[in-house]
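One structure below.
The values are calculated or read from the model by the stated rules, or taken from the named source; none is laboratory data. What you are looking at is a predicted structure, and each value in this text was computed from that prediction instead of being measured. In this analysis, Cβ positions are derived from the backbone assuming ideal geometry, glycine residues included, and neighbour counts consider all displayed protein chains. These area figures cover heavy atoms from the full protein model, side chains too; ligands, DNA and RNA do not enter into them. Shrake-Rupley method; radii C 1.70, N 1.55, O 1.52, S 1.80 Å.
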Amino acid sequence: MNELKFFNTLTRKKDDFKPLDGNTVRIYSCGPTVYNYAHIGNLRTYIFMDLLRRTLRFGGYDLKHVMNITDVGHLVSDGDEGEDKMAKTAREQKKTPLEIAAYYTGVFLKDIDRLHIERPEIIAKATEHIQEMIDFVVALDGKGYAYETSDGIYYDIEKFPRYGMLSGISLEDQQAGARVEVNSEKKHPADFALWKKAPKEHIMQWESPWGMGYPGWHIECSAMGLKYLGEEFDIHTGGVDHIPIHHENEIAQTCGLLGHPAARFWLHGEFMLVNNGKMSKSLGNTYTIDQLIEKGYDPLDFRYFCLNAHYRSKLNFTFEGMDSAKKSLKNLRNAVQKHKGAEGKADADVLKKLEADFSEAVCDDLNIPKALGLVWNMARLETKSDEVYRLILKCDDILSLSLDKVVEEKEEEADVDPEILALIEQRTAAKKAKNYAEADAIRAKLLEMGILLEDTPSGVKFRRK
Ligand code: AMP
Ligand code: ZN
């Protein structure tokens with residue numbers, strides 16, 4: 001196994017990675033806000049999280065990985081404006097927020113299972129950690145980082161001069177970029193809510209030292225990370241949109257309490273675009289995994305599509321791209337099958353080199369596109385050998401594309417020219433009608449087109465000449 005290197009947003013360079021605590025890597029990933037279906041952009045970020053997990057395990061490490069489920073506290077904007085996303089959907093759908101959260105959490109978990117995204121060891125719901133969040137805010141207040149206004153408890157970012165260390169945005173720039181301030185009681189426009197006081201009619205609220213209320217969004221990740229992973233852990237992940245607000249605020253909270261950020265490595269997945277533009281639930285141009293399935297794709301076709309791009313590159317979603325991913329995955333599986341049980345003797349040096357290159361690629365900041373290309377090179381090796389098959393399956397522990405899957409006849413057919421399928425149908429009908437001359441003529445025509453037919457007890461099969 002090569003030395004692991006990851007691009008660390010905090011240091012803006014690739015850093016060598018070693019866990020803090022022996023052989024166990026402790027990771028925190030920002031999870032979904034469960035007020036709607038996850039779209040394929042969100043899921044791209046979790047595929048990246050999964051590739052990180054699998055690569056670390058490939059490197060021999062054990063994992064302690066926490067992902068939160070935001071079921072309270074995320075307002076309609078990433079800042080402190082608007083309604084709580086959960087409460088808003090609950091009101092619109094005339095359900096309780098807990099019903100909404102339970103439903104969308106269930107769908108999310110099913111989606112990630114279908115994409116072969118492993119579930120983190122600990123999945124923590126915000127609503128089950130309200131006390132930890134209150135304790136965190138009380139402690140921050142005790143250290144002088146918080147102040148109270150008529151609508152909540154806010155973090156005083158001017159007490160934290162290093163604010164902006166992740167995104168490189170200075171406090172002055174934050175001030176200049178801030179929109180017209182809605183809350184005039186805030187000392188600085190970038191001060192953010194740690195706790196909000198709830199009006200009577202607010203659906204989700206809890207008792208606190210500041211009366212009934214609910215937590216700000218950012219505090220959940222700081223509080224749950226601390227609870228499960230301790231004061232300092234290895235890696236924090238999320239999408240790039242989290243860098244300037246959510247993660248900056250998490251760092252401000254943890255630094256306020258402990259004097260240092262919780263995570264040493266901050267890894268961020270780039271966005272998925274649609275038509276080269278922004279994709280978001282609010283713009284209505286998103287797709288869910290169920291919608292891709294309805295269009296005839298397998299969830300793993302989408303995984304393959306994502307694996308073709310590095311996690312730090314933007315990825316433009318198109319259906320042409322999906323078609324090509326679907327086809328490539330099928331061809332790759334077919335090529336892999338040819339090695340299964342084959343008795344050829346693979347060139348040991350060539351195999352060794354391919355394996356070493358694969359390991360080097362994944363360890364170099366998760367260069368999965370390169371690793372996938374190397375698996376193609378393995379599959380294409382002239383000599384068919386079971387040793388190659390086994391090596392590919394080892395690589396598939398990371399890619400997780402079910403490369404051992406046998407492509408079914410039906411799937412083969414899907415790719416065939418509709419004219420050929422129509423001719424096969426016609427021939428079957430002609431045979432049924434005992435019109436053997438026509439059946440033979442069609443068989444001859446198909447042969448000219450390069451298609452060989454074989455009548456079997458389970459129906460007609462065909463292959464290319
Ligand atoms: P949310 O449920 O909105 O908090 O988002 C869940 C995850 O998806 C977060 O890590 C976001 O950074 C990420 N995300 C949101 N939109 C996209 C996108 N278009 N492409 C990739 N990741 C995204
Ligand atoms: Zn978070």
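Taking the stated definitions as given, is R26 away from ligand 1 (no atom under 16 Å from the Cβ) and touching a Pro at 6+ places or on another chain (Cβ under 9 Å)? Don't jump to the end; show me each part of the working.
Values: away from ligand 1 (no atom under 16 Å from the Cβ): yes; touching a Pro at 6+ places or on another chain (Cβ under 9 Å): yes.
Against the criterion (away from ligand 1 (no atom under 16 Å from the Cβ) and touching a Pro at 6+ places or on another chain (Cβ under 9 Å)), R26 qualifies.
When region 1-29 is limited to residues that are within 16 Å of ligand 2 (Cβ to nearest atom) and either of a type in the set (S, T, Y) or surrounded by fewer than 21 Cβ atoms within 10 Å (Cβ to Cβ) (or both), the one that is farthest from K314 (Cα to Cα) turns out to be Y28.
For (1) of a type in the set (S, T, Y); (2) away from ligand 2 (no atom under 11 Å from the Cβ); (3) over 15 Å from E158 (Cα atoms), each residue gets a yes or a no:
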position	(1), (2), (3)
W217	no, no, yes
A223	no, no, yes
Y228	yes, yes, yes
E232	no, yes, yes
I245	no, no, yes
L258	no, yes, yes
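When L307, L354 are screened for being farther than 21 Å from L52 by Cβ, of a type in the set (A, V, I, L, M, F, W, C) and in contact with a Leu (Cβ under 7 Å, 6 or more places away or on another chain), only L354 passes. The number of residues in region 258-276 that are more than 19 Å from the chain's Cα centre (by Cα) and either open to solvent by less than 30 Å² (accessible area, probe 1.4 Å) or over 20 Å from Y163 (Cβ atoms) (or both) comes to 5.
All told, Y46 meets the bar of being of a type outside the set (K, R) and buried (at least 21 other Cβ atoms within 10 Å of the Cβ). Among what's in region 29-55 and is touching an Asp or Glu at 6+ places or on another chain (Cβ under 9 Å) and part of a loop (DSSP other than H, G, I, E, B), pick the residue that is nearest to ligand 1 (Cβ to nearest atom). Looking at the filtered set, the residue picked out is C30. Considering (1) open to solvent by less than 30 Å² (accessible area, probe 1.4 Å); (2) farther than 19 Å from T11 by Cα, the lone condition that H236 does not fulfil carries the number (2). Looking only at region 122-147, residues that are in contact with a strand residue (DSSP E or B) (Cβ under 8 Å, 6 or more places away or on another chain) and either among the small types (G, A, S) or exposed (fewer than 15 other Cβ atoms within 10 Å of the Cβ) (or both) come to 3 in all. The set of residues in region 277-307 being open to solvent by less than 30 Å² (accessible area, probe 1.4 Å) and over 27 Å from S77 (Cα atoms) consists of L292, Y297, P299, L300, D301, F302, R303, Y304, F305, C306, L307. Among all residues of region 24-36, there is none that is without any contact (Cβ under 8 Å) to a residue 12 or more places away in the chain and more than 13 Å from the chain's Cα centre (by Cα). Within region 56-101, count every residue that is over 30 Å from F6 (Cα atoms), open to solvent by less than 20 Å² (accessible area, probe 1.4 Å) and assigned to a helix (DSSP H, G or I). Selection size over region 56-101: 7.
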